[in-house]
Every structure is written in C-alpha cells, then in structure tokens.
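A.B. asks: I have a structure here, written as structure tokens, and I will follow up with some questions on it.
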Amino acid sequence: MQFKSTRNQDNIVTASQAIVQGLATDGGLYVPTEWPSIDLDWSELKEMTYQELAYFVMSIFFDDFSEADLKACIDGAYDEKFDTDVIAPLAKVGDDYYLELFHGPTIAFKDLALQILPHLMKKSAEMNANDKEIAILTATSGDTGKAAMAGFADVPGTKIIVFYPQGGVSTIQEKQMVTQKGDNTFVVAIEGNFDDAQTEVKRLFNDEALRADLAAENIQFSSANSMNIGRLIPQVVYYFYAYAQLVKHEEIEAGSPVNFVVPTGNFGDILAGYYAQKLGLPVGKLVCASNDNTVLYDFFNTGVYDKNREFKLTISPSMDILVSSNFERMLFHALGDDVAQLSALMNDLDEKGRYEFPADVSEKFASFLGEFADEDQTKAEIDRVYQEYDYLMDPHTGVASASLQKLKAKDVLSGPSVVVSTASPYKFPQAVLTAIGQDVEHATDDELVANIQSAGNRDYPNAIKEIQTAEVRHNRVSTVADMKATVVGILTRE
Ligand SMILES: *Cc1c(COP(=O)(O)O)cnc(C)c1O
C-alpha cells in the first residue's frame, strides 16, 4: 500500500514515510493510492480482541511494517493505560448503541490514535534511517493536545509543542494540559481561537526557510494532528470492532448495514469510518453531526463550504471548528482523486474562505448525512437519555445523539445506529451537570467531578485522580504572530 498527496499525484510515499512527514511537503494530505478488497469473515473477526483486530486492519495500510514491529506498536498502545481490557466498549442504551472511546489515559477518543502514533513514528523514523529529532507541533481544540502529550511524553528523540486557545477549552482540559509531565513537552496558550492556531501551525509546517533552519540543527517537524495518517488509520479499527461486537452479541446479522453517528470537528473520526466502508465494512450512513458551528452541515445541504461566519464557542469545544482539515481528504475522494480540481477548491478556501463543490453532493457524498444539534437540543438530549436510561454522556456525544434523534424523527435513517461517544462526562462536568438540571455554577472542580461520579455511576478515571494533585508545569502564553518565535525558541534553546 502506498500513499499519495492530495496536492500532487506524483508525490507517492510508503506508510512509514507518510507517518514521519505528517503533512506532505506540498501542503497536501496523504491518502491511500488504492483500496484493496479484503475478505471479511465475521465468524472469525467477531472473536478477535481489540489488539488482534487492530493488527488485522492496520496491517492492510501499514504493509511496510514487519508483523513483529506493528504488533509491538499495538501492544505498546492498547494496554492497561486503558481502564477496560476491551478498550472500546459498546453500550446499548434504548434502541441505540454508544461506542465508548473514552477509556484511555486522557478520557477522550483521541487516545485511540495518539497512544499508538508515537510508537508508529519512532519505528517509521528507524525504518527510514532518519536520526533527526522529531518536533511535533499541534494545535488543539482541547483534547488532541493532552492526548498527544500523553503519548509522546519522554519518548526519546521527540519534542512536542501544543498550542491551545486561551479560554477556549474546559477548565479540566486546561488543567490536564498545564500539568503535563515529561521534559520534552511544551504547552502554549494562544491569544486567539483554534482555527487561528491551526492555520498558523499549518503555515509553520510549510515554511521552507524555517524547515531549512531546523534541518541544520537536525530537527524535523511532524504532526500529531489527524492530518497524519498514522493517526487516522488506527481510528479505522474501532469501526470494525463495534461492528464485530454487534455481530458477536447477535444484535445484527453479519453483513447487514449499521449507521455510525459521529460528533465531528476536524473530520478525522468520521473519515476513518469512510475508510472502513471502503474496506468493505457494511456501513449504512455516516452521520456527520455538528454543533452550532454548522459549516459541514451546510455543505452537505448546499454544496457550499463557507467559513465566513461567526465562530461559536459551545459546550462541545472539540467540535468548534470552521475549517475541518481532514475534509480535504474526503473532498479529494469525492472528486475522484482529481488533484487539479481539489487544488482549485483549496485555493478558493484560502483566498475567499469558501468554495462550491462542482458536482452533485448527494451523489458524490452518498455515504454521508449531515445533521446538527444546537446547545439546547444537546442539553435536552443529555437530560433525556439520563432520565430515561440512567446513562450519562458528554456534550460531544450529546450532539451526536441529538442529531440521531432528529434524523430518526425525520424518518431518513433506518437500521441500527452506533453513536460514537468521544469523551467521558468527567471531562466536561459543568456542562453535563447543568444539562441534567443541577445548579453547579459556583461548584469547584472537585465538587463537579464528585457529582459526575454520583450521577453517572462510573468510578473516577485515573485522568481525574491525577489532576487533583498534579502541579502546574506550563504557563507560556503567545500571540498568533509570535508562534513562530516561540517554536524556534523552544526547539533550539531548550
Ligand atoms: C476531537 C474530538 C471530536 C472531533 O473529532 P474529529 O476527528 O476532529 O472530527 C469530537 N469529540 C471529542 C470529544 C473530541 O475530542
């Protein structure tokens, strides 16, 4: 299997090269050059552990890794750092299923990819005889940064710098980041929103002079954002795993379609679902659920992608995004892997902040359905499911769950649906408790998590126990304009 850039058909690399680079140097994203057809024998797949299924899926994409190396990466990632040995449990709640992807060390779904990415990256560097120090630059809307640092902390030969929007993340998320351990981890609060930070990180990646300066110091950038296929591909696994669990527990017949409802920000999670479908997983619809930032919902309805709008801060901050970087990959596929057409749309996005899809969206994106839930609908859904089923969900999951109910009410979705549950309610306690009717405006963080425990009947995750006692280790603040100087300072002087 090889990977090609969305911006240059001739830029073709192996998996390990794509993983080390992160972003293609032409500014594009790496995508598979082909979709192998594989034999899905569910009687076998349903008996596999998460780790076994991870090898089954990842070995298709990462075929330049030896079996022993890939298995070592998998075993190093999906171990007792997760609080359940099934890694990604599937809960049945009423008629719907919730795929709980928040049992990792930072209690959000990004752990599923970011626990393995450092292992893949180290191995990839070795395979390509690359002895440069790898500098990970990451803009985060709250969850990626912590999950990436948790994966990379004290990994030899790497440094990681995380930028987060000051005031744009929950207090728990902020505490998780500023208490991060590891001598190679650096956290910077940005005076700006997530898109500002992400745009500047992308610009730094493509800054050739900077790249040359760093190369002279034997340093090379890479990305832990979901632009890196080393992060995207591991996410394909849990779609297979969820399906396998449904077959195993006789909730569905092998081969029958299942919908996945995905709370979407950067479009990485849902794109992994699309890749699973391309490998033959019987996916019905992939529901792209948005919060009040409805850029993608509007695109699916009108064919126009338009980021010229107010950026809304919501109770689901990891979805507060106007430019979904992985959507470039999906657009590319929808355009029949046409580099010229894709580049034209991306130019429009750069220059005008909008583009118009040149073909019929409902045909070219037939696997997808766009939906959204506003703040009130999200809170009402968290409350409804809690009152009816005693199941407590976080606001991101709430957006997806509310979107699912809206689609069911419109009668446009049939068959069983899996809501991809991306964060633990412990991560957003204020919003969750308010949604279920508790008055917690003046509660301390410790009181908030205690209330989540008694409401949700879930033990404290390690992530929560840790931040209750951990010391603050990071206090850098930067303007967007100073991000480059901050990066150079950290990489060359510390
Ligand atoms: C990152 C994140 C999302 C969005 O996932 P994308 O892959 O960026 O679409 C949704 N929910 C939570 C909790 C997240 O951390």
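The values are calculated or read from the model by the stated rules, or taken from the named source; none is laboratory data. What you see is a predicted model; the values in this text were computed from it and never measured. Neighbour counts run over all protein chains shown; Cβ positions are idealised from the backbone, glycine included. Note: areas computed on protein heavy atoms with side chains; ligands, DNA, RNA excluded. Shrake-Rupley method; radii C 1.70, N 1.55, O 1.52, S 1.80 Å.
A.B. asks: Starting from the amide H of THR479, placed 1.01 Å from N in the peptide plane, find each other amide H under 5 Å away whose residue is 5 or more places distant or on another chain.
C.D. replies: Here GLU191 satisfy the definition.
A.B. asks: From the C-alpha coordinates alone, can you work out the Kirkwood hydrodynamic radius of the chain, in Å?
C.D. replies: After inverting the mean inverse Cα-Cα distance, the result is 22.6 Å.
A.B. asks: Check the straight Cα-Cα distances from LYS92 and name the lysines below 27 Å, setting aside those fewer than 8 residues away within the same chain.
C.D. replies: Leaving aside lysines fewer than 8 places away in the same chain, those within reach of LYS92 are LYS46, LYS81, LYS110, LYS248, LYS278, LYS285, LYS379, LYS406, LYS408, LYS410, LYS427.
A.B. asks: Over all distinct Cα pairs, what is the inverse of the mean 1/r for region 1-107, reported as the Kirkwood hydrodynamic radius in Å?
C.D. replies: When all Cα pairs of region 1-107 are included, the Kirkwood radius is 16.2 Å.
A.B. asks: Please work out the average accessible area per residue across region 42-185, using the 1.4 Å probe convention, and give it in Å².
C.D. replies: Result: 33 Å² per residue.
A.B. asks: Roughly speaking, what is the centre-to-centre gap between region 359-374 and region 414-437 when only Cα atoms are used, to the nearest Å?
C.D. replies: For region 359-374 versus region 414-437, the Cα centre distance is 23 Å.
A.B. asks: Moving to a separate point now. Which whole-number percent of Cα pairs in region 266-353 have a distance greater than 17 Å?
C.D. replies: Percent of Cα pairs beyond 17 Å in region 266-353: 53.
A.B. asks: So, with a 1.4 angstrom probe, what is the percent of accessible area on the chain that is carbon and sulfur?
C.D. replies: 44 percent
A.B. asks: Based on the mean of other Cβ atoms within 10 Å per residue, sort peptides 356-364, 455-463 so the most packed one is first. Mind dumping the intermediate values first?
C.D. replies: Values: 356-364: 13.4, 455-463: 15.7.
Packing order, densest peptide first, comes out as 455-463, 356-364.
A.B. asks: Right, next: Taking the Cα centre of the chain as origin and charging only Cβ (+1 Lys, Arg; -1 Asp, Glu), how large is the dipole, in debye to the nearest 20?
C.D. replies: So the magnitude is around 560 debye.
A.B. asks: Same structure, new question: What does the accessible area per residue of region 455-494 come to in Å², with a 1.4 Å probe and no ligands, DNA or RNA counted?
C.D. replies: It amounts to 61 Å² per residue over region 455-494.
A.B. asks: How high is the relative contact order of region 105-260, given as a whole-number percent (alpha carbon pairs under 8 Å, six or more residues apart)?
C.D. replies: Relative CO of region 105-260 lands at 27 percent.
A.B. asks: Amide H of SER222 versus every other amide H placed in the peptide plane: which residues, excluding those fewer than 5 positions away on the same chain, fall under 5 Å?
C.D. replies: The list, which skips near neighbours in sequence, is ALA135, ILE136, LEU137.
A.B. asks: Same structure again: Solvent-accessible area per residue for region 322-417 at a 1.4 Å probe radius, Å²?
C.D. replies: Each residue of region 322-417 exposes 41 Å² on average to a 1.4 Å probe.
A.B. asks: Identify, among ILE382, VAL449, TYR305, the residue whose Cα sits farthest towards the positive end of the charge dipole of the chain, taking +1 on the Cβ of Lys and Arg and -1 on the Cβ of Asp and Glu, with the dipole about the Cα centre.
C.D. replies: My answer, from the dipole projection, is TYR305.
A.B. asks: Given only helices, namely DSSP H runs of n ≥ 4 each adding -39500 (n - 2.57), what is the per-residue ellipticity at 222 nm of the chain, to the nearest 500 deg cm²/dmol?
C.D. replies: The helix contribution divided over the chain gives -13000 deg cm²/dmol.
A.B. asks: So what's the gap between the Cα centers of region 84-127 and region 271-320, to the nearest angstrom?
C.D. replies: 20 Å
A.B. asks: On to the next question. Which peptide among 381-391, 479-489, 439-449, 317-327 comes first, and what is the full order, when sorted by highest mean count of other Cβ atoms within 10 Å?
C.D. replies: 317-327, 381-391, 479-489, 439-449
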